[in-house]
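The values are calculated or read from the model by the stated rules, or taken from the named source; none is laboratory data. Note that the coordinates shown come from a computational prediction; the quantities given were computed from them, not determined experimentally. For neighbour counting, all protein chains shown are included, and Cβ atoms are generated from backbone atoms with ideal geometry for every residue, glycine included. Just so you know, the surface numbers come from the protein's heavy atoms only, side chains and all, with ligands and any DNA or RNA stripped out. Shrake-Rupley method; radii C 1.70, N 1.55, O 1.52, S 1.80 Å.
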Amino acid sequence: MDLTKLQRVVINALEDVKAQDIRVYDTTKLSELFDRVIIATGTSNRQTRSLAMSVKEDVNAKGGEVISVEGLETGEWVLVDCGDIVVHILQPALRAYYQLEGMWGAKPVRVKLAADKGLVKASGPEDDEE
């Protein structure tokens, strides 16, 4: 599955379960292991686990591969490794504390989100979605 399609599948899966504050970052110049980091917030342990499972199920259903899901036990910070995309789903306190945007946020990617029906400035014009 190409990167743009995988990114859209992940974002749609997060939106389906009402993830908050979804941000997408281009990490091609920061890591050779993956091309995107997606960070989202879930309001409870149950929601973060549901968000992760939604991503896993939707990626698999669309022909992608989920390599690993970590953190389901506690549901406070769940990581979904989709190969080219790594998804971090955190509860608000952990997201505020760890500030992952500071580590990965140098190149946000512009994506359309259903929540605001507009573009969220989250980057490189070569990878913008239409």
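Sort 63-73, 86-96 by packing, meaning the average of other beta carbons within 10 Å per residue, with the highest value first.
Working: 63-73: 13.5, 86-96: 19.3.
With the highest mean Cβ count within 10 Å placed first, the list reads 86-96, 63-73.
Mind checking the dipole of the chain: about its Cα centre, +1 per Lys or Arg Cβ, -1 per Asp or Glu Cβ, Debye to the nearest 20?
Working: 16 positive and 22 negative charges, 83 e Å.
So the magnitude is around 400 debye.
What share of all Cα pairs of the chain, in percent, falls into each consecutive 10 Å distance bin?
14, 49, 35, 3
Work through the residues other than Arg95 whose Cβ is under 12 Å from its Cβ and net out their charges, Lys, Arg +1 and Asp, Glu -1. Could you put the intermediate results ahead of the total?
Numbers: positive: Arg23; negative: Asp21, Glu76, Glu101.
Residues near Arg95 contribute -2 overall.
Express the carbon and sulfur contribution to the solvent-accessible surface of the chain as a percent, rounded to the nearest whole number, probe 1.4 angstrom.
50 percent
Which values, in whole Å and largest first, are the semi-axes of the equivalent ellipsoid of the stretch 59-100 obtained as the square root of 5 times each eigenvalue of the Cα gyration tensor? Please report the intermediate quantities before stating the final value.
Working: eigenvalues 100, 24, 11 Å².
Over the Cα atoms of the stretch 59-100, the ellipsoid semi-axes are 22, 11, 7 Å.
Can you tell me, using C-alpha contacts under 8 Å and at least 6 residues apart, the relative contact order of the stretch 3-108 as a whole percent?
31 percent
Just the accessible area per residue of the chain, please: how many Å² with a 1.4 Å probe? Display every interim value, and only then the final one.
Numbers: 6820 Å² over 130 residues.
Spelled out: the 1.4 Å probe surface of the chain, per residue, equals 52 Å².
What is the gain in length, in nm to one decimal, between Ala93 and Met53 on full extension, counting 0.36 nm per residue of separation less the C-alpha to C-alpha distance?
Length difference between fully extended and current span is 12.3 nm.
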